[in-house]
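Here is the structure we will look at, set down as structure tokens.
The values are calculated or read from the model by the stated rules, or taken from the named source; none is laboratory data. On a predicted model such as this, the values are computed, not experimentally measured, just so you know. Positions of Cβ are generated from backbone atoms using ideal geometry, with glycine treated the same way; all protein chains shown enter the neighbour counts. Keep in mind that these areas ignore ligands, DNA and RNA; they rest on the heavy atoms of the full protein, side chains included. Shrake-Rupley method; radii C 1.70, N 1.55, O 1.52, S 1.80 Å.
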Amino acid sequence: ATEIAWWHAMSGQLGRELEKLAADFNTSQSDYRVVPTYKGNYTEAVTAAIFAFRSSSQPAIVQVNEIATATMMAAKGAVYPVYELMRDEKEAFSPSDYLPAVAGYYTDLAGNMLSFPFNASTPMLYYNKSMFRKVGLDPETPPATWPDVGAAAKRLVAAGVPCGLTTSWPSWVNVENFSAYHNLPLATRANGLGGMDAVLVFNNPVLVRHIAELAEWQKTRVFDYGGRATATEPRFQRGDCGIFVGSSATRADIIANSKFEVGYGRLPFWPDVAGAPQNTIIGGATLWVLRGRPADEYKGVAKFFAYLSRADVQAAWHQNTGYLPVTRAAYELTRAQGFYERNPGTAISIEQMTLKPPTDNSRGLRLGSFVLIRDVIDDELEQAFSGRKPAQAAMDSAVERGNKLLRQFERTQP
Ligand SMILES: O=P(O)(O)OC[C@H](O)CO
């Protein structure tokens, strides 16, 4: 069989589910063998693929997180657009089968889908029901707003819990999704989806107040910062933090690792902000096909993508991980199977994404060098949370540093 290398960034339970997908595809036919390799976190995986390209040892498929989309789109010679691949290999592929909130993120201005929407997530809230019960909080009512979260987290800390609240992916949750959910622009030009000359503008009073509040809570561990990306996730699963705001796809590991009853809720919002909550935006990653591999491999990649698009395969991946069902058929199938009714909290991600029709502020984002810009935002958030900088100064500086990176990126474009 022809081997197809698939570099990815899924660890823990998600890694096991991904391995299973590849294994199931491999047993479903005998011409191709997809070989998944874990290459570290999202940034490490894409960096490894870029380096491999230079020595012609790149994989056919690499998993790239959502914020590197503009960068991948710009890497024209290195990327084999998925719509082109599926057309060349005569595999059925229709972007209208995919949920618009997901497909739109990875579609160019001409309506062509450039990467395969494999694992789309959105942030949500998890809480430790057992702990809520112990401190006299209603275990059946998830805190809905940031003031509710603050009150519940204060109660937890007062009762001796070491950390009231923590969030993973600090910028994705507290800046990027926060902005969309409050219908505030992260950047001009519809967050960059409308043009490359977008300018970051998120240092507004609503966002600054949110960061200032988290920094205030940090003093007593009502909020406790736990690092970038997924670093803080185990603290909720161990029972150190009572409330966790993070990816809908942390669900798989939370269920596998937590020895307490878990509650689920929507991403919190500030109730005094007009129009909030709007809708959340996606995170997660897509599969990009890299050029320069033997023709035979691309036939197999197209077959693999067709397999991944099957409603039953897509529905199982959604149900087992917490990633969104990326096709309408997978969502309908999951609903018809009664999955959402039987499994509390599993419909939240999709409900949040579609709360209201998206605005220019809440369709997603497409900004060059955003992997670096997110690092800058995380860095400034850390300065605010540790009390080294007031929230306003930190966010002003994040905007200024981020805009420099945007303009540098723009200059490298034809
Ligand atoms: O942990 P994930 O896969 O849901 O991804 C979250 C972020 O969007 C990654 O950039």
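Is there a residue being under 23 Å from TRP172 (Cα atoms) and modelled with pLDDT of 95 or more anywhere in region 287-296? Show your work before the answer.
Going through region 287-296, the residues under 23 Å from TRP172 (Cα atoms) turn out to be 287-288.
Now drop any that are not modelled with pLDDT of 95 or more, which leaves 287-288.
Yes, region 287-296 contains a residue that is under 23 Å from TRP172 (Cα atoms) and modelled with pLDDT of 95 or more.
Take the residues of region 206-228 that are surrounded by 18 or more Cβ atoms within 10 Å (Cβ to Cβ) and of a type in the set (Gly, Ala, Ser): which is nearest to the ligand (Cβ to nearest atom)?
Among those residues, the one meeting the criterion is GLY226.
Which members of region 270-299 meet the condition of being open to solvent by less than 40 Å² (accessible area, probe 1.4 Å) and among the hydrophobic types (A, V, I, L, M, F, W, C)?
Selection gives TRP270, VAL273, ALA276, ILE281, ILE282, ALA285, LEU287, TRP288, VAL289, LEU290.
Residues ASN203, ASN177, ASN191: which one is in contact with a Lys or Arg (Cβ under 9 Å, 6 or more places away or on another chain), buried (at least 16 other Cβ atoms within 10 Å of the Cβ) and not basic (Lys, Arg)? Explain how you work it out, then say what you get.
Values: ASN203 fails: in contact with a Lys or Arg (Cβ under 9 Å, 6 or more places away or on another chain); ASN177 fails: in contact with a Lys or Arg (Cβ under 9 Å, 6 or more places away or on another chain).
Sole residue among the options that is in contact with a Lys or Arg (Cβ under 9 Å, 6 or more places away or on another chain), buried (at least 16 other Cβ atoms within 10 Å of the Cβ) and not basic (Lys, Arg): ASN191.
Of all residues being open to solvent by 40 Å² or more (accessible area, probe 1.4 Å) and not basic (Lys, Arg) in region 1-17, which is nearest to the chain's Cα centre (by Cα)? Just the residue, please.
First, pick out the residues of region 1-17 that are open to solvent by 40 Å² or more (accessible area, probe 1.4 Å): 1, 3, 11, 13, 16.
So of that shortlist, the ones also not basic (Lys, Arg) come out as 1, 3, 11, 13.
Numbers: ALA1: 34, GLU3: 29, SER11: 15, GLN13: 16 Å.
Looking at residues that are open to solvent by 40 Å² or more (accessible area, probe 1.4 Å) and not basic (Lys, Arg), I get SER11.
Given the criteria open to solvent by 10 Å² or more (accessible area, probe 1.4 Å), of a type outside the set (A, V, I, L, M, F, W, C) and at pLDDT 95 or above, does THR141 qualify?
Numbers: open to solvent by 10 Å² or more (accessible area, probe 1.4 Å): yes; of a type outside the set (A, V, I, L, M, F, W, C): yes; at pLDDT 95 or above: yes.
Here the answer is yes, as THR141 does meet what is asked.
Going by the conditions given, is ALA256 outside the structural domain of MET10 (by TED's automatic domain parsing) and out of contact with any helix residue (DSSP H, G or I) (no Cβ under 9 Å at 6 or more places or on another chain)? Break it down stepwise before answering.
Working: outside the structural domain of MET10 (by TED's automatic domain parsing): yes; out of contact with any helix residue (DSSP H, G or I) (no Cβ under 9 Å at 6 or more places or on another chain): no.
In short, no.
Any idea which residue in region 348-377 is surrounded by the most Cβ atoms within 10 Å (Cβ to Cβ), counting only those that are more than 22 Å from ALA398 (Cβ to Cβ) and in contact with a Ser or Thr (Cβ under 9 Å, 6 or more places away or on another chain)? Before you say what the answer is, go through the steps one by one.
Filtering region 348-377 for residues more than 22 Å from ALA398 (Cβ to Cβ) gives 348-359.
Restricting the remaining residues to those that are in contact with a Ser or Thr (Cβ under 9 Å, 6 or more places away or on another chain) gives 348-350, 352-353, 355-356.
On the way: ILE348: 22, SER349: 28, ILE350: 19, GLN352: 21, MET353: 21, LEU355: 14, LYS356: 11.
The residue in question is SER349.
Report every pair of residues separated by at least 6 positions or lying on different chains whose Cβ atoms are under 7 Å apart, first residue within region 302-329 and of a type in the set (Val, Ile, Thr), second open to solvent by 40 Å² or more (accessible area, probe 1.4 Å).
Listed by first residue and then by second, the contacts come to THR327/ASP97.
Specify which of the listed residues (PRO414, PRO390) is at pLDDT below 95 and either in the same structural domain as GLN218 (by TED's automatic domain parsing) or farther than 24 Å from LYS20 by Cβ (or both). Let's see the steps before the verdict.
Working: PRO390 fails: at pLDDT below 95.
Only one candidate qualifies: PRO414.
Given the structure, is VAL326 modelled with pLDDT under 95 and either within 16 Å of the ligand (Cβ to nearest atom) or surrounded by 15 or more Cβ atoms within 10 Å (Cβ to Cβ) (or both)? First the steps, then the outcome.
Values: modelled with pLDDT under 95: yes; either within 16 Å of the ligand (Cβ to nearest atom) or surrounded by 15 or more Cβ atoms within 10 Å (Cβ to Cβ) (or both): yes.
So VAL326 passes the test.
Name, by its number, the condition in (1) over 26 Å from ALA329 (Cα atoms); (2) more than 16 Å from the ligand (Cβ to nearest atom); (3) of a type outside the set (Lys, Arg); (4) without any contact (Cβ under 8 Å) to a residue 40 or more places away in the chain that does not hold for GLN58.
(4)
Answer yes or no: is there a residue in region 233-251 that is within 16 Å of the ligand (Cβ to nearest atom), under 24 Å from the mean Cα position of the chain (by Cα) and open to solvent by 40 Å² or more (accessible area, probe 1.4 Å). So that I can check it myself, show each step before the final result.
To start, the set of residues in region 233-251 that are within 16 Å of the ligand (Cβ to nearest atom) comprises 233-237, 244-251.
From the residues that got through so far, the ones that are under 24 Å from the mean Cα position of the chain (by Cα) too are 233-237, 244-251.
Retained after the next criterion (residues that are open to solvent by 40 Å² or more (accessible area, probe 1.4 Å)): 234-235.
Looking through region 233-251, at least one residue is within 16 Å of the ligand (Cβ to nearest atom), under 24 Å from the mean Cα position of the chain (by Cα) and open to solvent by 40 Å² or more (accessible area, probe 1.4 Å).
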